[in-house]
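Here's the structure we're looking at; comments come further down.
The values are calculated or read from the model by the stated rules, or taken from the named source; none is laboratory data. Everything numeric in this text was worked out from a predicted model, so none of it was measured. Glycine also receives a Cβ, built like all others from the backbone with ideal geometry; neighbour counts cover every protein chain displayed.
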Amino acid sequence: MYGWIWRHLPGNTPVRTVISVILVLGVVYLLFQYVFPWAEPLLPFNDVTVDGAAGAGGAA
């Protein structure tokens, strides 16, 4: 897949490298700005199963 992308980019090796870096940065930006905030409520990161009422030592 990466070879296919590399072959279809215009220019010589330095130009392709710059375009590749710009494409990667664009994908990372889109992920952090749109995809991850959309998916965060759907993921169970805040579903804690440990009850904090017993305290650190378990003594009451």
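A few remarks follow.
- Tally of residues being surrounded by 10 or more Cβ atoms within 10 Å (Cβ to Cβ) and out of contact with any helix residue (DSSP H, G or I) (no Cβ under 8 Å at 6 or more places or on another chain) across the stretch 6-20: 4
- Scanning the stretch 26-45 for residues that are loosely packed, with under 10 Cβ neighbours inside 10 Å and either within 9 Å of the chain's Cα centre (by Cα) or part of a helix (DSSP H, G or I) (or both) returns W38, P41, L42.
- Evaluation of V48 against the conditions (1) modelled with pLDDT of 95 or more; (2) surrounded by fewer than 10 Cβ atoms within 10 Å (Cβ to Cβ); (3) not hydroxyl-bearing (S, T, Y) shows that the sole unmet condition is (1).
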